[in-house]
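Peer 1: Pasting a structure below so you can have a look.
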Amino acid sequence: MTSEPPTGGPERLRAERVTLAYGDNVISHELDFAVADREVTAIIGPNGCGKSTLLRALGRLLRPDAGRIVLDGRPIRSVPPREAARTVAVLPQSPQAPPGLAVADLVARGRHPHQSWYRQWSGTDQEAVARALELTGMLDCAERTLEQLSGGQRQRAWISMALAQETDLLLLDEPTTFLDLAHQIEVLDLVRELNERHGRTVVMVLHDLNLAARYSHRLVAMSRGAVRAAGTAEEVLTPDLLAEVFGLRCAVIADPVSGTPLVVPVSAHDPVPDTAGSPAASPSEG
Amino acid sequence: MSAPARTRRSPARPPRSADALNRPALRIGPASWPWRPRAALVCLAVTVLLAAAFLRALVAFDSADVGLAEVTAVLLGGGDPGQRFIVWELRMPRALTGALVGAALGLSGAILQSVARNPLASPDTLGIGWGAAIGAVAVIVLGGSAGGVSGAAAQFGVPAGAIAGGLAAALAVFGLSWRSGVHSNRLLLVGIAVSLTCANLVYWLMTWTDLDSAARAQTWVTGSLHAADWDRAGAAAVTLAVLIPAALAAGRALGALGLGDDAARGLGVRVDAARLVLLAVSALLVCVATSAAGPINFVALAAPQIAMRLCRAAQPPPAASMLLGGALTLVADQLAAGLFAPTQLPVGVFTAVLGAPYLMYLIVLRHREARL
C-alpha cells in the first residue's frame, strides 16, 4: 500500500506490510517492497540487515508472520507451490547438492515444477535444460560433476538450474559470494543479459555496492530489517545514506567505466576528501 | 521456439542445444521418463539375478528330492500331491517372502538415505527394525505365558506386535528429532539412541523369560525365512502392492529434496508434507518386512548404496535399490540354508556377509574414481 510505484512497468512481486521472523527473533516489521516487471533490483545493506530474509520471503522459502506476499496480483499463499515455482525461481544462498551430481542432472532438477508423476522427463524438459546450459555457457561442462567445477562455474551451474525452471522472475541470494572479481563480473553480465535479451525480472542480494550500482535498475537499501531507501543508484548511494545504513563515511564519485556511482569508503585515518558529500556525476545508464 | 515433445532431433533447431545434451526421454503414450541406459541395464541385470535366485529357491531349499524337472511340472499344473505340497506350500511362500521383504527393505533404505541425505540412515540405524523386534518379542515372551505362542497369537500377534513396535519407534525418532524440519544428524543420533534402547530391551526380555520363549525370540530376532507360509507371504504381498507404488510415486520429490530444503521449496515441493509422507511410507515398508521375516539387517543399508554405485547415480535410485534388495535377500537366504546343510542358518546372518564385502569393494573402487 505504501510502497512507491516502481518505474519500470507493472508490479510482479510485492511484499505488503510483512513481518518476518525466525521463531521469536523478528527480523523485519511491517516491511513493504515491490518488484517491477523487467527490472533488475539489487537489495543492499550491512550483514544481518534482513536482505536474505526478505528474499526468502519473496521466494516462498519463509512464511511471513504477518502481512502477505503478492505475486502478479494474487496472494502467494493462495497460489499452488508448483504453479508459483513456474513463475518465480529462487537461488538460495548456500544450496547443497549430493556429491557426484553431474551438472546436467542438477539443472534437470530445475524442471521439477513442470513435471508430473507420469511425465517425469520429456523432450521439452531436455530442450529447456539445454537452453539453460547454453545461456550460461555451461553446455560443455554438462557431464562434469559439481566438484570438478571452479567456483564461478559452479555458481553458473546453479543459476542454470534456476533458468531451467523457465520463470519470468529470478531471485538470486548473493550470487557472487565466494567469487573473485572476474567471476563476479561474469555472473553479473549473465544477469544483465538475462534481463535485457530475455526479459527476465531479477531481484538479487548483493554485497558489492559498486557492482550493484552498475548492474541494476533499482537499488533498495536496508538496515535493521527496514527499507531505508529505494530508487536509482544515484538516488540511493549518497554519502548521507551510506553513513546511516552502513555507519561508514564514504566518498561517492562517478564510475569511470559506467558513469554509475562509485562508492569509495573512507577510514577513520583518512583525511576527509573534497568529493565526499557531492552527488554522483552522471545520470543512469541506458 | 519449443516444438512439441516429439522432438529429440529436429533438424529445424539451431545446431547445439538439445542435441548436445545427452538426456533423452523414453515415451510411452502420454507418459514419459528419463531414459538412462546404464540404470536400465542395471535394473535388467538385477531382475535377471532376482528371477534366477527365485527359481533356484523353488528348486532346492530343503532336503526333499524335488528337482528342476519336477518343479517345472508342478508350476505347469502337473506333479504328484507331495511334490505340489513341497513346491507350493513350502518353497514358494519362502521364496516369495524373501523377495518381497528384501525389495521392501531396499526401497525403504533408498528413501531414508535420500531424505536424511546420509548413507548411514537405514531402518537399522533409525531404530525402526529394533522397534519392530521389541513389539514381536514382547508378544512372544509375554503373550505365550507358559505354553508358548500358539493359534491366533502366533498368526496375528507377532506381526501386529512388530508393526506396532516399528511404527512406535519411527514415530518416536521422527518426533524427537523434529524441530521445524528434520535435520539429518539429529535424526541419526536420536535413531541410534532409540535403536540401542530397543535392542537392550529386547535382550533384557529374552534373559528375563524362560529358555523356550527366549529360543523362539532369538530365531525371530536374527531374521529368518524358515517359518514363511502363505499367511505371511500373502499379507506382505497385499500390503506391499499398495506401499511400493505409493513409495515410488512419492519418490519423485527426492531429487528436489536432495538439493536442500530451500532449493526444494523454490522448486515447488511442499517440503514438510513430502518428507513426512516419504518417512511414513518407508517406516511402513520396514514394518511389513520385519513382521514377515524378522529384522533382516544390512539389506536396507547396503542395497541402495550398491545400486547407487552400479547406476553411477548421485542419490540412491529407488527402483534399482528395491530389485537389488530382493535379489540380495534371496541369494543370502539360499547361502544361509545351503552352505552348512543340514544346519539352516537364518538369512539375517548372511545378508551382511554377502553385502558388506561387495559394498566395501565398490566404495574403494569409487574412491579411486575421484568422484567422492
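Peer 1: Given a 1.4 Å probe and no ligands, DNA or RNA in the count, how much accessible surface is buried by B and A, both sides, to the nearest 100 Å²?
Peer 2: The summed interface area works out to 3900 Å².
Peer 1: Another question about this same structure. Quick check on the protein assembly as shown: of the DSSP beta bridges with both residues there, what percent are antiparallel, nearest 5%?
Peer 2: If we restrict to bridges inside the protein assembly as shown, about 65 percent are antiparallel.
Peer 1: Let me ask something else. Tally up the carbon and sulfur contribution to the accessible surface of chain A as a whole percent, 1.4 Å probe, everything protein left in place.
Peer 2: The value for chain A is 50 percent carbon and sulfur by accessible area.
Peer 1: Where q = 0.17, 0.20, 0.24 Å⁻¹, what log10 of I(q)/I(0) comes from the Debye formula for the range A:62-162, counting one point per Cα?
Peer 2: Each listed q maps to, in turn, -0.84, -1.03, -1.25.
Peer 1: Each residue of the range A:30-45 in turn: what ³J(HN,Hα) in whole Hz from Karplus with 6.51, -1.76, 1.60 and θ = phi - 60°, glycine and Pro shown as x?
Peer 2: 6, 8, 10, 7, 9, 10, 8, 4, 6, 10, 9, 10, 10, 9, 10, x
Peer 1: Connecting C-alpha atoms closer than 10 Å in a GNM of chain B, tell me which of B:158, B:353, B:190 has the biggest fluctuation.
Peer 2: Result: B:353 has the largest fluctuation of those listed.
Peer 1: Enumerate the calculated ³J(HN,Hα) couplings along the range A:48-55 in order (Karplus 6.51 cos²θ - 1.76 cosθ + 1.60, θ = phi - 60°), each rounded to whole Hz, writing x wherever the residue is Gly or Pro.
Peer 2: The phi angles translate into x, 8, x, 4, 5, 4, 4, 5 Hz.
Peer 1: Going by amide H atoms built from the backbone, whose H comes under 5 Å of the H on residue A:89, apart from near neighbours?
Peer 2: A:169, A:170, A:171
Peer 1: Determine how many Å³ per residue the convex hull of the Cα atoms of the range A:143-234 encloses.
Peer 2: Measuring per residue, one finds 119 Å³ for the Cα hull of the range A:143-234.
Peer 1: Oh, and also: Taking the dipole about the Cα centre of the protein assembly as shown, with the C-beta of Lys and Arg at +1 and of Asp and Glu at -1, give me whichever of B:135, A:230, B:176 is farthest to the positive side.
Peer 2: Highest projection toward the positive end goes to B:135.
Peer 1: Ignoring ligands, DNA and RNA, what accessible area per residue does the range A:105-161 give at 1.4 Å, in Å²?
Peer 2: On a per-residue basis, 33 Å².
Peer 1: Additional query: Rank B:222, B:197, B:97 by mean-square fluctuation in a GNM of chain B with C-alpha springs under 10 angstrom and give only the top-ranked residue.
Peer 2: Comparing B:222, B:197, B:97 in a Gaussian network model of chain B, the most mobile one is B:197.
Peer 1: Residue A:223: net charge of surrounding residues, Cβ under 14 Å, Lys/Arg +1, Asp/Glu -1, itself excluded?
Peer 2: Neighbour charge sum, excluding residue A:223 itself: +1.
Peer 1: Report, in degrees rounded to the nearest 10, the 0 to 90 angle that the Cα long axis of helix A:151-164 makes with the longest principal axis of chain A.
Peer 2: Between helix and principal axis, roughly 60 degrees.
Peer 1: Next up: Hey, what's chain B come to in accessible area per residue, 1.4 Å probe, Å²?
Peer 2: I get 44 Å² per residue for this part.
Peer 1: Taking amide H atoms as placed 1.01 Å from N in the peptide plane, list the residues 5 or more away in sequence, or in a different chain, whose amide H sits under 5 Å from that of residue A:255.
Peer 2: A:260, A:262
Peer 1: When the accessible area of each residue in the range B:289-322 is compared between its chain alone and the complete protein assembly (1.4 Å probe; ligands, DNA and RNA ignored), which residues differ by at least 40 Å², being lower in the assembly?
Peer 2: Hits at the 40 Å² cut-off: B:314.
Peer 1: HN-Hα J couplings of the range B:268-277 from phi, Karplus 6.51/-1.76/1.60, θ = phi - 60°, integer Hz, Gly and Pro as x?
Peer 2: Whole-Hz 3J(HN,Hα) from phi for the range B:268-277: x, 8, 7, 4, 5, 5, 4, 5, 4, 4.
Peer 1: Rg over Rh of the range A:10-72, using C-alpha atoms and the Kirkwood radius, what does it come to?
Peer 2: Rg divided by Rh gives 0.95.
Peer 1: For the range A:12-52 and the range A:183-206, compute the distance between their C-alpha centroids and round to whole Å.
Peer 2: So the two Cα centres are separated by 20 Å.
Peer 1: Under a 5 Å amide H to amide H cut-off, with H placed in plane at 1.01 Å, what residues pair with residue A:121 once short-range neighbours are removed?
Peer 2: HN-HN under 5 Å from residue A:121: B:32, B:33.
Peer 1: In the Gaussian network model of chain A, springs joining C-alpha atoms below 10 Å, which of A:176, A:145, A:201 carries the largest mean-square fluctuation?
Peer 2: With Cα springs under 10 Å in chain A, the top fluctuation among A:176, A:145, A:201 is at A:145.
Peer 1: Efficiency by 1/(1 + (r/R0)^6): what FRET value for residue B:238 and residue A:77, r their Cβ-Cβ distance, R0 = 30 Å, to the nearest 0.05?
Peer 2: Given R0 = 30 Å and the Cβ-Cβ separation, E is 0.15.
Peer 1: Can I ask one more? Leaving ligands, DNA and RNA out of it, report the carbon-plus-sulfur percent of the accessible area of the range B:203-318 at a 1.4 Å probe.
Peer 2: After summing per-atom areas, the C and S share lands at 67 percent.
Peer 1: Next question. Roughly how tilted is helix B:92-116, in degrees to the nearest 10 and between 0 and 90, from the longest Cα axis of chain B?
Peer 2: Approximately 50 degrees, to the nearest ten.
Peer 1: Calculate the mean, over all residues of peptide A:111-119, of how many other protein chain Cβ atoms lie within 10 angstrom of the residue's Cβ.
Peer 2: Averaged over the peptide's residues, the number is 5.
Peer 1: Could you tell me what a quarter of the Cα convex hull surface of the protein assembly as shown works out to, in nm² with one decimal place?
Peer 2: 35.7
Peer 1: Taking the Cα centre of the range B:57-137 as origin, sum charge times position over the Cβ atoms of Lys and Arg (+1) and Asp and Glu (-1), and report the length of that vector in debye to the nearest 20.
Peer 2: 360
Peer 1: Calculate, axis by axis, the spread of Cα positions in chain B along the three principal axes, and write the results as whole Å, longest axis first.
Peer 2: Principal-axis extents of chain B (Cα, largest first): 79, 56, 40 Å.
Peer 1: Here is a follow-up. Give the angle, between 0 and 90 degrees and rounded to the nearest 10, that separates the Cα long axis of helix B:158-177 from the longest principal axis of the Cα atoms of chain B.
Peer 2: Rounded to the nearest ten degrees, it is 40.
Peer 1: Based on the alpha-carbon gyration tensor of the range B:170-213, what equivalent-ellipsoid semi-axes (square roots of 5 times the eigenvalues) come out, in whole Å, largest first?
Peer 2: Value: 30, 8, 5 Å, ordered largest first.
The values are calculated or read from the model by the stated rules, or taken from the named source; none is laboratory data. Keep in mind that what you see is a predicted model, and the values were worked out from it rather than measured. Note that each Cβ is placed from the backbone with ideal geometry, even for glycine, and that neighbours are counted across all protein chains shown. Accessible surface areas use protein heavy atoms only, side chains included; no ligands, DNA or RNA. Shrake-Rupley method; radii C 1.70, N 1.55, O 1.52, S 1.80 Å.
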